[in-house]
Amino acid sequence: MSQARLIEETSLNAWPALNSLLYDGWILRFADGYTKRANSVTPLYTGELNIGTKIDYCEEQYGRQGLRSIFRLAQVNNIAGLDTRLAARAYEQIDVTSVQGRPLRQEFEPAAQASVVELAAWLKIFHALNPGRGDVETHEAILRRIVGCLCPMVLAAGGSIVACGLGVLQGEYLGLFDIVTRDSERRKGYGREVTESLLAWGQSQEASYAYLQVMLSNTAAQALYGQLGFGERYQYWYRVPQQ
């Protein structure tokens, strides 16, 4: 198995849906609408059925849940003709995302004001720093379904929490998720401190590789992760029905 495909499978496990359905090589994931990643179709391989028939089936299943039919297309899966077929059905491409990784060879040091907290406390902090993200209870239900070791990290400065992030360790692979800095505290290096603290935690747990996902439109985050030695392994994007 290629490393890119291993990262793809690991990242899907690191952000589970509340319910899922395997359909002729495609995974339909449902999580009450919380994030596109947990509420979309990820085609893993071509399967036997006609693509048009499969798209119809997916649209029906998401419609029954009161959700839009969203497709998450990754370069590593490369289902021939699917992206074109979706475009022809007026699905627009959004949120092109770079999946990046790096070996954990150098030693990272945790920030002095970084700490690991209970998941319930971390969720309150994350949603306070990132208001409007979605339902806290659904978010918690997703995180508690993860098979792996979690690291809910927060960073304090000046007596208050200014940033947070989540590490998910599965085997030797550490995934970094939900790295957020308070709006008023950006461009002060806190995002870097949280990221390095999560990497240090991963190394303490014998992780040998780290990966993360960053949208191409987020140039500031891409620059930061590049400075930390991350490089692109592949891209994915979403196809969503035009409104």
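Please treat every number below as a calculation from the coordinates, not as lab data. Keep in mind it's a predicted model, so treat the numbers as computed, not measured. Here Cβ is always computed from backbone atoms with ideal geometry, including for glycine, and neighbour counts include all displayed protein chains.
Report relative contact order for the chain in percent, whole number only (criteria: Cα-Cα under 8 Å, sequence separation at least 6). Numbers along the way, then the final one.
Working: 448 pairs, mean separation 65.7, N = 243.
Computed value for the chain: 27 percent relative contact order.
Across region 53-59, computed HN-Hα scalar couplings (Karplus, 6.51 cos²θ - 1.76 cosθ + 1.60, θ = phi - 60°) run 4, 5, 4, 4, 5, 5, 4 Hz from first to last residue, x flagging Gly and Pro. Overall form of region 96-144: oblate. Here a/c, set by the Cα gyration tensor axes a ≥ b ≥ c, is 1.5 or more, and a/b is not larger than b/c. Taking springs between alpha-carbon atoms closer than 10 angstrom, which of THR195, THR181, THR35 fluctuates most in the Gaussian network model of the chain? Among THR195, THR181, THR35, the largest mean-square fluctuation in the Gaussian network model of the chain belongs to THR35. Over the chain, the pair-distance histogram of Cα-Cα distances with 10 Å bins from zero comes to 7, 30, 36, 20, 6, 0 percent, rounded to whole numbers.
Result for the chain in a Gaussian network model with C-alpha springs under 10 Å: among ARG133, ARG68, ARG233, the largest mean-square fluctuation is at ARG133.
As an exercise, identify the GluC sites (Glu not before Pro) in region 158-206 lying in DSSP coil whose Cβ has no more than 15 other Cβ atoms within 10 Å.
Details: sites: GLU172, GLU185, GLU193, GLU196, GLU206; in loops: GLU172, GLU206.
When the GluC sites (Glu not before Pro) of region 158-206 are filtered for loop state and at most 15 Cβ neighbours within 10 Å, GLU172, GLU206 remain.
Only one residue of TYR209, ALA221, ILE125 has its Cα farthest out toward the positive end of the dipole of region 92-243, where Lys and Arg carry +1 and Asp and Glu -1 on Cβ, and that residue is ALA221. Among the trypsin sites (Lys or Arg not before Pro) found in region 143-229, those both in a DSSP coil and sparsely packed, with 16 or fewer other Cβ atoms within 10 Å of their Cβ, are ARG144, ARG145, ARG186, ARG187, LYS188.
Out of the GluC sites (Glu not before Pro) in region 1-96, which ones are loop residues according to DSSP with at most 12 other C-beta atoms within 10 Å? Let's see the in-between values first.
Values: sites: GLU8, GLU9, GLU48, GLU59, GLU60, GLU92; in loops: GLU48.
Those that pass, being in a loop and sparsely packed, are GLU48.
The shape of region 129-186 comes out oblate: with a ≥ b ≥ c from the C-alpha gyration tensor, a/c is at least 1.5 while a/b does not beat b/c.
Given axes a ≥ b ≥ c from the Cα gyration tensor, I'd like to know whether region 101-243 is rounded (a/c under 1.5), prolate (a/b larger than b/c) or oblate. Rounded. In the elastic network of the chain, a GNM with C-alpha springs shorter than 10 Å, the most mobile of GLY101, GLY159, GLY226 is GLY159. Positive-end ranking of TYR238, ALA74, VAL41 along the dipole of the chain, with charges on Cβ about the Cα centre, is headed by TYR238. Against the chain, whose longest principal axis comes from its Cα atoms, helix 190-204 is set at around 90 degrees.
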